[in-house]
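Everything below concerns the one structure shown next.
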Amino acid sequence: MNNDIAAQHPDAQGQLMAHAVDACVHCGFCLPACPTYTLLGDEMDSPRGRIVLMKSVLEGELPLLDAAPHLDRCLGCLGCVTACPSGVPYGELISGFRGWAEPQRRRPVIQRLTRSAVLTMLPRPALFRAGATVGKYAKPLAPLLPQALRAPLDLLPSAVQPAQPLPAFTPAHGPKRGRVAFLEGCAQQVLTPNFNAATVRVLSRNGIEVVVPPGQGCCGAAAMHTGARPLALQQARRNLDAFDPAGVDAILSNAAGCGAGLKEYPMLLAGEPEEGQARRLASKVQDISVYLAELSAAGGLEPFMPTTRPLRVAYHDACHLAHAQGVKAEPRALIRSIPGVELLDIPEGDLCCGSAGTYNIEQPDLAGRLGDRKARNVLSVRPDIVVSGNVGCHTQLQSHLTRLGSPVRVMHTIELLDLAYRGEL
Amino acid sequence: MTVSGPARPGAPDRAGLARDLTRLLGDGKVLSTLGERLNYRYDAIQFGATPLAVVLPESTADVVAAVRAARQAGVPIVGRGAASGLSGGAAPAQEGLVISFTRMTRLHIDPLRREARAQPGVVTLQVSEAARPHGLVYPPDPASFRTSTIGGNLGENAGGPMCFKYGVSGDYVKALEFVDADGEVHRLTRDAYDLAGLLIGSEGTLGLVTEATLRLTTPARYTRTLMSHFAEVGQAAEAVSAAIAGGAVPSKLEFMDRACVNAVEDYLQIGLPREAGAVLVVDTDGDDLETVEHELELVEQACMRACGTVRRAADEADSAALWRARRSVSPALGRIRPQRMNEDIVVPRSVLPDVVREIERLGQASGLHMVQFGHIGDGNLHPNILFDPRQDSPEAVHQLAHEVARVAIRYGGVLSGEHGIGSMKVAFMQEAVDPTTLAALWDVKRALDPGMALNPGKVLPQPEASDA
């Protein structure tokens with residue numbers, strides 16, 4: 001698609017956006033992969049349509065305000081990237097665009113407050129924990145509150161679990177096979193602290209030393225994807241200081257969104273002095289499932305205990321694993337390697353569950369419809385357990401399955417492996 | 001059908017259109033802001049005029065209301081499915097009303113009658129997916145079948161790799177419901193005058209299909225796949241002619257030239273032979289395994305006699321990978337140049353070797369980047385000119401496309417196999433169709449759309465004489 005974006009936005013972000021628009025041949029192969037197009041059936045809420053809208057705004061043909069509602073509805077799930085045969089880097093376009101557009105937006109007061117509260121609390125586990133505790137008591141008041149405040153409240157857990165801080169260093173159990181640095185993630189420390197504990201146990205059991213660099217913080221993905229570029233840059237720089245890619249085999253994440261966030265640093269920092277450093281870090285980032293699958297291929301994993309009865313396990317592809325990182329086979333291979341487990345694929349597996357970072361808060365209606373659709377698709381394969389590799393999906397699946405009255409257990413892939421090691425499956 | 005004169009004369013009431021539509025249909029079905037309208041001016045090949053308003057109907061009644069409002073306002077109407085078409089058919093040539101069928105997605109399968117009743121917005125693949133539990137399939141399979149809609153497929157009479165043995169979309173239509181230019185609803189079967197047949201492939205210039213009753217069939221029990229590659233394009237075409245003359249009736253017989261193979265390999269990285277001048281991918285199928293394998297054998301021998309290297313697919317996954325390669329050609333070409341002019345010629349199989357060689361020579365002589373692929377079993381070729389409008393002259397591109405069209409005409413072929421004439425090839429029709437026949441086509445157009453309101457500027461060239 002022709003454009004003269006680069007002429008009007010000559011910085012590095014402008015170049016990235018111009019390149020993405022250029023690559024689109026508007027073939028429409030992205031349409032069925034897009035959750036909002038699937039729900040709404042209109043061109044503006046499709047990837048191809050959003051590309052035209054962004055191009056029109058960047059070229060000055062269309063006021064930002066006209067395009068904004070449709071761009072805001074994009075989940076950033078990147079299902080379109082997987083479906084696109086022309087290789088359009090849509091993620092670079094939408095993130096770059098949001099970063100450029102946000103400072104020009106005039107949002108209503110409540111929306112502004114919610115956004116800044118979320119972006120302030122999410123990266124600070126202590127604050128998030130305190131907020132969650134307060135939120136627990138505020139939940140009964142929810143029906144009295146405006147929609148913009150009800151949505152974030154709905155997301156808070158009804159019971160706040162105790163913190164499980166990780167040691168800065170965990171030695172390998174048995175002969176040492178490797179050394180990794182681990183990104184703790186922010187929200188999941190509060191919502192699902194067991195993910196991290198299970199990760200360290202499984203790694204250590206397989207001869208891996210785990211370092212948890214003390215200076216680390218939020219990966220910045222939430223800020224980057226909502227257009228808060230200055231905050232995202234600040235958070236990325238903090239992690240560039242904290243992690244030393246040279247000293248480890250890999251920098252691991254067990255949250256699809258955070259792993260993808262780290263891998264996006266070269267894009268975020270394009271044109272910044274730290275661009276090279278960002279590339280070095282990003283090249284070492286791996287999802288926990290990929291690292292374990294490689295370990296398994298290179299000499300095997302410690303054997304799992306068989307399950308006590310045959311278990312039907314459905315695997316849900318988190319968008320930021322399947323689409324952003326291209327990781328689909330590895331978690332499946334790991335799950336399949338547990339004796340007694342039957343792996344099930346979920347219909348419409350490529351369609352986002354609707355969680356998508358802060359989407360539940362900003363687009364509660366669409367998020368709810370997608371969550372319901374995903375939960376029904378999960379139930380259609382009659383699993384005992386549904387597994388995913390991302391805290392956002394986990395929360396979404398949990399809440400929609402509960403709403404449908406389903407007893408299906410929701411777990412992280414690493415929890416399933418951990419339980420298999422402990423003979424508790 | 002009411003045949004009336006042209007739409008109300010005088011200045012069209014453009015401002016009133018969106019207002020009227022909203023009053024008739026409600027807010028959620030009418031798009032009127034610039035941001036909304038901008039997105040309904042293109043298909044997969046071309047950008048056209050920004051529409052004055054867009055309607056997203058949910059029922060036939062909505063379509064009727066929209067057509068009447070457009071008629072009242074004196075503006076043209078363009079029907080639109082997923083807009084994955086490749087001839088500019090869904091890109092409005094003038095300002096007007098776009099009716100986008102993507103929300104008319106009701107689909108009903110009747111397994112006893114072996115029928116699917118589908119609204120135009122149903123995605124093509126979904127018909128087969130819904131039919132599968134009943135042991136049935138819908139064979140037409142355009143490369144875009146995950147995206148394209150039944151309405152669009154019927155508008156263009158879309159084919160696909162299966163068309164050699166199983167035919168094109170139009171061959172599966174038992175009945176149609178359509179809304180005419182006056183907003184009247186009609187229900188057609190294929191008896192008496194085959195008016196349904198006339199509508200199929202008419203690219204929305206004669207009426208708007210609002211429901212189709214489609215024939216379903218049982219899938220073949222066995223399928224076998226092979227891929228063969230050749231040093232030179234003409235050899236591949238020779239193999240095709242020889243295999244079919246020898247009695248093989250492959251269910252799919254597809255061709256890609258070197259540039260296509262490399263574009264797909266860049267995208268998928270599945271080990272396609274980058275050095276080959278041309279590749280054929282072939283399926284034979286049927287309920288009798290012996291016949292299926294015998295037919296594959298015939299194809300294999302024809303390929304080897306034409307100096308091809310043959311690889312049989314080891315299993316279903318292997319075969320699926322080969323077909324994924326072929327399906328990805330069209331959009332994967334976008335990686336080479338941002339824009340393309342897509343040809344869709346059909347020539348007699350006996351002249352295929354001469355035609356593909358001649359087109360390859362034309363491409364090389366032009367200095368432009370041209371590639372060829374297509375449903376070669378049908379004689380259906382898709383020479384594509386890939387270009388960058390910032391570097392290549394549009395006139396040179398158009399000139400080369402015209403030359404290709406002339407090759408087809410010279411060898412006794414036609415301008416469109418499955419993508420339609422649209423706006424891209426309308427200029428070549430003057431040479432492809434004799435004046436008497438063209439006049440007859442115009443008579444049909446005038447009979448069904450006297451106000452010239454339906455998708456103007458498509459399919460039929462303005463006659464040079466003043467009797468238009």
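The values are calculated or read from the model by the stated rules, or taken from the named source; none is laboratory data. Note that the structure is a prediction, hence the values are computed from the model and not measured. Because the Cβ atoms are built from the backbone with ideal geometry, glycine has one as well, and the counts that use them run over all protein chains shown. Heavy atoms of the whole protein, side chains included, go into the accessibility calculation; ligands, DNA and RNA do not. Shrake-Rupley method; radii C 1.70, N 1.55, O 1.52, S 1.80 Å.
Taking θ as phi - 60° and the Karplus parameters 6.51, -1.76 and 1.60, the scalar couplings of region A:320-334 work out to 6, 8, 5, 8, 6, 10, x, 9, 10, 6, 4, x, 5, 4, 5 Hz in sequence order, x denoting glycine and proline. Given a cut-off of 24 Å, name the pairs among A:263/A:328; B:174/B:425; B:174/B:458 whose C-alpha atoms lie farther apart than that in the structure shown. Pairs exceeding 24 Å: B:174/B:425; B:174/B:458. Of all DSSP-defined beta bridges confined to the protein assembly as shown, some 65% are antiparallel rather than parallel.
Hey, could you get me the Stokes-Einstein D for region A:129-279, Kirkwood radius over alpha-carbon pairs, 10 °C and 1.306 mPa s, rounded to whole µm² s⁻¹? Translational D for this selection: 93 µm²/s. Apolar share of the accessible surface for chain B: 51 percent from carbon plus sulfur atoms, 1.4 Å probe. How large is log10 I(q)/I(0) at q = 0.12, 0.21, 0.27, 0.28 Å⁻¹ when the Debye formula is applied to the Cα atoms of region B:337-410, each weighted equally and without solvent? Values returned for q = 0.12, 0.21, 0.27, 0.28 Å⁻¹ are -0.29, -0.84, -1.28, -1.36.
Our analysis of region B:14-100 gives Rg over Rh at 0.94, with the two radii drawn from alpha carbon positions and Rh computed by the Kirkwood formula. Counting every alpha-carbon pair across region B:222-330, the share separated by more than 19 Å comes to 38%.
Computed over the Cα atoms of region A:1-93, the ratio of the radius of gyration to the Kirkwood radius (Rg/Rh) comes to 0.94. Peptide B:103-109 has a mean shielding of 1, counted as Cβ atoms of other protein chains within 10 Å of each residue's Cβ.
Bridgeable lysines around residue A:176 (alpha carbons under 24 Å apart, same-chain partners fewer than 8 residues away excluded): A:284. Reported to the nearest whole Å, the Cα centre-to-centre distance from region A:199-234 to region A:53-115 is 25.
Summary value for chain B: 16 percent relative contact order, contacts being C-alpha pairs under 8 angstrom separated by 6+ residues. Distance distribution note for chain A: the fraction of Cα pairs above 28 angstrom is 48%. Summed over both chains, the contact between A and B buries some 2600 Å² of accessible surface at a probe radius of 1.4 Å. Counting every C-alpha pair in the protein assembly as shown, the share spaced more than 38 angstrom apart comes to 48%. Picking from A:299, A:185, A:271, which is most flexible by a Gaussian network model of chain A using Cα springs under 10 Å? Greatest mean-square fluctuation among the candidates belongs to A:299. In region B:17-53, burial by the other protein chains removes 40 Å² or more of 1.4 Å probe accessible surface, compared with the chain on its own, from B:34, B:35, B:38, B:39, B:42, B:44, B:47. Accessible surface computed residue by residue for the protein assembly as shown, with neighbouring protein chains in place and a 1.4 Å probe, gives 39 Å² per residue.
Here, region A:304-421 has an Rg and a Dmax of 13.7, 43 Å when only alpha carbons are counted. With the gyration tensor restricted to C-alpha atoms of chain B, the semi-axes of the equivalent ellipsoid amount to 38, 26, 20 Å, longest first.
The alpha carbon centroids of region B:21-55 and region B:341-364 are separated by 38 Å.
Largest first, the residues B:224, A:280 sort by 1.4 Å accessible area into A:280, B:224. As an equivalent ellipsoid, region A:256-356 spans semi-axes of 31, 18, 8 angstrom, where each value is the square root of five times an eigenvalue of the C-alpha gyration tensor, largest first. With the simple spin-label model, which puts each label point 7 Å out from Cα in the Cβ direction, the residue A:348 to residue B:215 separation comes to 3.3 nm. For region A:281-324 versus region B:229-307, the spacing of their alpha-carbon centroids is 39 Å. Note that region B:417-468 shows a convex hull volume over its alpha carbon atoms of 89 Å³ per residue. Only helical runs count toward this figure. For chain A, summing -39,500 (n - 2.57) over DSSP H runs of n ≥ 4 and dividing by all residues gives -14500 deg cm²/dmol at 222 nm. Here the accessible area of region A:178-307 is 53 percent carbon and sulfur, with a 1.4 angstrom probe and all protein chains present. The trypsin sites (Lys or Arg not before Pro) found in region A:365-425 that occupy coil by DSSP, while having at most 16 further C-beta atoms within 10 Å, are A:422. Peptide A:43-54 has a mean shielding of 5, counted as Cβ atoms of other protein chains within 10 Å of each residue's Cβ. Protection proxy ranking for B:173-179, B:457-463, B:385-391, using the average of other Cβ atoms within 10 Å per residue and placing the highest first: B:173-179, B:457-463, B:385-391. The contact residues of region B:78-95, meaning those that lose at least 20 Å² of 1.4 Å-probe accessible area when all protein chains sit together rather than their chain alone, are B:82. Assuming R0 = 22 Å, what is the FRET efficiency of residue B:112 and residue B:186, from their Cβ-Cβ distance, to the nearest 0.05? Efficiency, rounded to the nearest 0.05: 0.25.
Here the average projected area of the convex hull drawn through the C-alpha atoms of region B:238-278 stands at 3.4 nm². A Förster radius of 35 Å combined with the Cβ-Cβ distance from residue A:124 to residue A:159 puts the calculated FRET efficiency at roughly 0.95.
List, by residue number, every residue in region B:324-351 with a reduction of 20 Å² or greater in accessible area between the chain on its own and the complete protein assembly, 1.4 Å probe. At a threshold of 20 Å² (probe 1.4 Å), the residues of region B:324-351 that become less exposed are B:331, B:334, B:335, B:338, B:339. Over all directions, the projected convex hull of the C-alpha atoms in region A:180-225 averages 3.7 nm² in area. Indicate the gyration tensor shape class of region B:102-173 (rounded, prolate or oblate), computed on the Cα atoms with a ≥ b ≥ c the square roots of the eigenvalues: a/c under 1.5 is rounded; otherwise a/b larger than b/c is prolate and the rest oblate. Oblate, since a/c reaches 1.5 and b/c is not below a/b.
Each peptide in A:48-57, B:290-299 gets a packing score, the mean of other Cβ atoms within 10 Å over its residues, and the list from highest to lowest is A:48-57, B:290-299.
If the cut-off is 22 Å between C-alpha atoms, which lysines fall inside it for residue A:136, apart from same-chain ones fewer than 8 positions away? Of all the lysines, none pass the test against residue A:136 - Cα under 22 Å, at least 8 places apart if same chain.
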